[in-house]
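**Q** Take a look at this one; I'll ask things after.
The values are calculated or read from the model by the stated rules, or taken from the named source; none is laboratory data. Worth saying up front: this structure is predicted, and the values here are computed from it rather than measured. As a convention, Cβ positions derive from the backbone with ideal geometry for all residues, glycine included, and neighbour counts pool all protein chains shown. Heads up: the accessible areas ignore ligands, DNA and RNA and are worked out on the full protein's heavy atoms, side chains in. Shrake-Rupley method; radii C 1.70, N 1.55, O 1.52, S 1.80 Å.
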Amino acid sequence: MAVKKEQDASTEERILAAARIVFTRKGFAATKVRDIAAEADINLSLVNYYFRSKEKLFEVVMAEAVQKLVFEIATIFNDTQLGIPEKITRAVNYYIDLLLENPDFPLFLVNEIITGDDMFTRFAQQNTLFQSDLIRQLFAMKEEGKLSVHPVHVMMNVIGLVVMPFLARPILERNALVKDGEFVKLMNERRTLIPLWLKGMLG
């Protein structure tokens, strides 16, 4: 029995690992179950046995990705003991760590937000990301005249300054603007630079 459970877990993980690759490469709409089976090098019937459908498998993969992207950040943004600079610094460090480990996440989410069911928004709402204490702090600064720009500019810059380099990485590397191994070094430098740039916005 224990051996079968281990085999089941191993097979499920092989399918999930293959699904992450194929969904990222092709998007949900263009992906076929047979593509995932071929990537995992297993029989097509096994994918259907473990996950029943492409939709169920995608839901698992998407939920896994969004949970990593949303839950920890919601915890940081809703920590009432932290000021805005500390929240931004922690969020930047968390996202850089996560995306260096999972560099396909940005493309995967962008594809699905544009073309598929926006599970990211639903998870973000469930975790009060869009009504977080950080949002409240930024709007309070705006009302007090301490922030000269719309608070959403700050949020867009946090996202853009962290995520955009990962989306641009293939272009930068193909054109030799970033050499082998240099991208990670640049992203680690941005751990310090991004909070400094955003501090300029906050006055």
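**Q** State, to one decimal in nm, how far the label point of L172 lies from the label point of K32, with both points 7 Å from Cα in the Cβ direction.
**A** The two pseudo-label positions are separated by 3.7 nm.
**Q** For the stretch 142-203, which GluC sites (Glu not before Pro) are both in a DSSP coil and crowded by at most 14 other Cβ atoms within 10 Å? It would help to have the intermediate numbers written out before the result.
**A** On the way: sites: E143, E144, E173, E182, E189; in loops: E144.
The qualifying sites are E144.
**Q** Pick out, from V70, V163, L44, the residue whose Cα sits farthest towards the positive end of the charge dipole of the chain, with +1 on the Cβ of Lys and Arg and -1 on the Cβ of Asp and Glu.
**A** V163
**Q** For the stretch 9-52, what is the charge dipole size about the Cα centre, in debye to the nearest 20, if Lys and Arg each add +1 at the Cβ and Asp and Glu each add -1 at the Cβ?
**A** On the way: 7 positive and 5 negative charges, 41 e Å.
Once rounded to the nearest 20, the dipole reads 200 debye.
**Q** Working from the pairwise distances between different alpha carbons, so that the mean of 1/r is found and then inverted, what is the stretch 9-52's Kirkwood radius in Å?
**A** On the way: mean 1/r = 0.0994 Å⁻¹.
This gives a value of 10.1 Å.
**Q** Then there's this: In whole percent, and with a 1.4 Å probe on the protein chains, what portion of the accessible area of the chain is carbon and sulfur?
**A** Details: 6670 of 11710 Å².
Whole-percent figure for carbon plus sulfur exposure: 57.
**Q** Still on this structure, please answer the following. Which of I113, A176, I194 sits farthest toward the positive end of the charge dipole of the chain, with +1 on the Cβ of Lys and Arg and -1 on the Cβ of Asp and Glu?
**A** A176
**Q** Here's something else I'd like to know. Calculate for the chain the 222 nm mean residue ellipticity that helices alone would give, adding -39,500 (n - 2.57) per DSSP H run of length 4 or more and normalising by residue count, nearest 500 deg cm²/dmol.
**A** Numbers: 10 runs with 162 residues, N = 203.
For the chain, the value works out to -26500 deg cm²/dmol.
**Q** How large is the dipole of the chain about the Cα centre if only Lys and Arg carry +1 and Asp and Glu carry -1, each at its Cβ, rounded to the nearest 20 debye?
**A** Values: 25 positive and 26 negative charges, 55 e Å.
Charge dipole of the chain: 260 debye, to the nearest 20.
**Q** What are the ³J(HN,Hα) couplings of the stretch 148-158, residue after residue, when phi is run through the Karplus curve with 6.51, -1.76, 1.60 and θ = phi - 60°? Round to Hz, x for glycine and proline.
**A** Values, residue by residue: 7, 10, 4, x, 5, 4, 5, 5, 4, 5, 4 Hz.
**Q** Across the stretch 100-109, in residue order, what do the Karplus-derived ³J(HN,Hα) couplings come to in whole Hz, using 6.51 cos²θ - 1.76 cosθ + 1.60 with θ = phi - 60° and x for Gly and Pro?
**A** 5, 7, 10, x, 8, 3, x, 5, 4, 6
**Q** Let me ask something else about it. Would you tally the net charge around L193, using a Cβ to Cβ cut-off of less than 13 Å, leaving L193 out, and scoring K and R as +1, D and E as -1? Intermediate values should be presented prior to the final figure.
**A** Details: positive: K185, R190, R191, K199; negative: E189.
Within the 13 Å Cβ shell, the charges total +3.
**Q** Any chance you could give the angle, 0 to 90 degrees and rounded to 10, that helix 182-202 forms with the longest Cα principal axis of the chain?
**A** 40 degrees
**Q** Accessible surface of K56 in the full protein assembly, 1.4 angstrom probe, to the nearest 10 Å²?
**A** Spelled out: K56, probe radius 1.4 Å, area about 90 Å².
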